[in-house]
Amino acid sequence: LLASGHGRRDGGGAESGAILGNQLAEKDVTLAFARRLRDELEVRNVPVMLLRDSDAALTTDQRASTSNQLHPAIYLCIHASTDGRGIRLYTALVPSGVTNRGPFLDWRMAQAPFLSSSQSAANTIAMELEKSHIPVRALSAPLRPLNSIVAAAVAVEIAPPAAGPSDLT
């Protein structure tokens, strides 16, 4: 399951996310990247579903809720940035001291049982990228909707090579 176009708010629709260069919006770069990744994976018989396959806005809660209903093997959330270069992989940083009480799962803690599989997935992705000599860093951060996903979940942030933001396309 791929989620693309996470901007500063929703990504997609009226929210363009970060402006990456001369009228190059994050939502357009991430959607193109997600579609290309989907095509590459489907050629290898890996089924993929895009949460956003058009210029539609989805909140982080809508992304998490839809993903959780679909029970994906892994949730990849695609971002783009002009900061740095290469790829940054993020796994959730689950808040400490929060516990689930009663029958309902705390939305901020849903990722907790899947954190080790998320970190393993991020490490595997990082090793494969390094084989291709792509700069990569693996980090943890309290990112939404990662904390709310009930599956392995990794945010992938792509940054341009030294040539600049137009190379993100």
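Taken together, the values in this text are just the output of simple stated rules run on the coordinates, not laboratory data. If you're wondering where the values come from, they're calculated on a predicted model, not measured in any experiment. So basically every Cβ, Gly included, is an ideal-geometry build from the backbone, and we count neighbours across all protein chains shown.
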Here FRET efficiency (C-beta to C-beta, Q69 to R35, R₀ 30 Å, nearest 0.05) is 0.85
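Which order do the peptides 41-50, 146-155 come out in when sorted by mean C-beta neighbours inside 10 angstrom, highest first? The partial results should precede the final answer.
Numbers: 41-50: 11.2, 146-155: 23.9.
Output ranking for 41-50, 146-155: 146-155, 41-50.
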When only Cα pairs under 8 Å and 6 or more residues apart are kept, what is the percent relative contact order across segment 81-151? 51
